[in-house]
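Values quoted throughout were computed directly from the atomic coordinates according to the rules given, and no laboratory measurement underlies them. Keep in mind the model is a prediction, meaning the values are calculated, not measured. All Cβ positions, glycine included, derive from the backbone under ideal geometry; neighbour counts span all protein chains shown.
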Amino acid sequence: MSHLDGAELDQWWDFGDPAGSEAVFREELDHLTSPAREELQTQIARSLGLQQRFKEGHALLNTVESTDAVVRQRTELERGRLWNSAGDPDIARDHFLTAVANGADEFLTVDALHMLAIVEPSNREWYEQAMRIVEDSGDARVRRWEGSLRNNHAWNLADAGDEVAALVAFREAEQWFNEHGTASQIHVARWSVAHLLRRLGFLSEARVILEDLKANSEEDHYVDEELALLIDAE
């Protein structure tokens, strides 16, 4: 019995082109056997949700009848994402909780906890529980969750008005991405730090980062917007 290979799935996914990902998944579907085949069906449902085709996504998940624990965990996770994307986080929360309780796959459990932190940002336990799993994991793919978790937690703090704590969290995320992330992730992490510095009134520090990003990165209107806000604040 073979489950879906996570690294291979990562290569098939293009979150900037969910329709293209759907086409890739449907092409690969015929080359897979259960339970990997059912797992990939849940990813087709996820791609449908990213295209705002929520009814189709739910209908597809309704056809996934496997009793395999990993398949069931993926089904609950993607069911929750469909509900959340459609604007019903309360229903989504129940599915994410079920996915966490399932616990069949460490990576998926962290994913479900990260989604719980999105739908219930005031409950920091979801972030802390996910981080405990990540920090204790021997799986490099699971450990890659750390940057995203730290970044999302920082935004939750910022959105809650705890900007000092958010800045600390953004700096921790920046450090992680500097050590493990892509150039694009590092760029976004540095912009996030500059954004919080500007909000907290540390304008000269924010300017140094933003001007460096503008001089040494591809054109980014978010950097330009922050620089404009900086000028207004000075």
Notebook entry, point to check: Given the C-alpha centroids of the stretch 1-60 and the stretch 67-96, what is the distance between them in whole angstrom?
Noted result: 15 Å
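Mind pulling the per residue volume of the convex hull built on the Cα atoms of the chain? Å³ is fine.
Values: hull volume 31.8 nm³, N = 234.
Hull volume over Cα atoms, normalised by residue count, gives 136 Å³.
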Next item on the list: State the answer as a single residue: which of 87, 165, 6 lies farthest towards the positive end of the charge dipole of the chain, with beta carbon charges of +1 for Lys and Arg and -1 for Asp and Glu, about the Cα centre.
Entry: 87
Item checked: Cα radius of gyration and Dmax for the stretch 37-174 (Å) -> 15.3, 48
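Compute the length gained on full extension between residue 222 and residue 199: take 0.36 nm times their separation in residues and subtract their Cα-Cα distance, giving the result in nm to one decimal.
Values: separation 23, 0.36 × 23 = 8.28 nm, distance 1.46 nm.
6.8 nm is the gain from fully extending residue 222 to residue 199.
Could you work out the relative contact order of the chain, using alpha carbon pairs under 8 angstrom and six or more residues apart, expressed as a whole percent?
Numbers: 280 pairs, mean separation 21.4, N = 234.
Reported relative contact order: 9 percent.
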Next item on the list: Residues in the stretch 180-207, backbone N under 15 Å from the label point at residue 215 (7 Å along the Cα-to-beta-carbon vector): list them, ranges by number please.
Entry: 205-207
Notebook entry, point to check: In the stretch 32-91, if every C-alpha pair distance is counted and binned at 5 Å from zero, what percent goes to each bin?
Noted result: 4, 23, 32, 23, 13, 5, 1
Next item on the list: Could you grab the relative contact order for the stretch 146-234? Cα pairs under 8 Å, six or more apart, rounded to a whole percent.
Entry: 21 percent
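What is the dipole size for the chain, taken about its Cα centre, with +1 at each Lys and Arg Cβ and -1 at each Asp and Glu Cβ, in debye to the nearest 20? Provide the component values of the computation, followed by the final result.
Working: 22 positive and 46 negative charges, 77 e Å.
I would put it at about 360 debye.
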Next item on the list: Quote the FRET efficiency, to the nearest 0.05, computed for residue 233 versus residue 123 with a Förster distance R0 of 30 Å and r equal to the Cβ-Cβ distance.
Entry: 0.35
Margin query: Taking the 0 to 90 degree range and rounding to the nearest ten, how far is the long axis of helix 69-85 tilted relative to the main principal axis of the chain, both from C-alpha atoms?
Written below: 50 degrees
Checklist line | Quarter of the Cα convex hull surface for the stretch 146-234, i.e. its orientation-mean projected area (nm²) | finding: 5.3 nm²
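Under the 0.36 nm per residue contour assumption, what length would be gained going from the current alpha-carbon distance of residue 101 and residue 69 to full extension? All intermediate terms of the calculation are to be shown ahead of the outcome.
Values: separation 32, 0.36 × 32 = 11.52 nm, distance 1.10 nm.
Full extension from residue 101 to residue 69 adds 10.4 nm.
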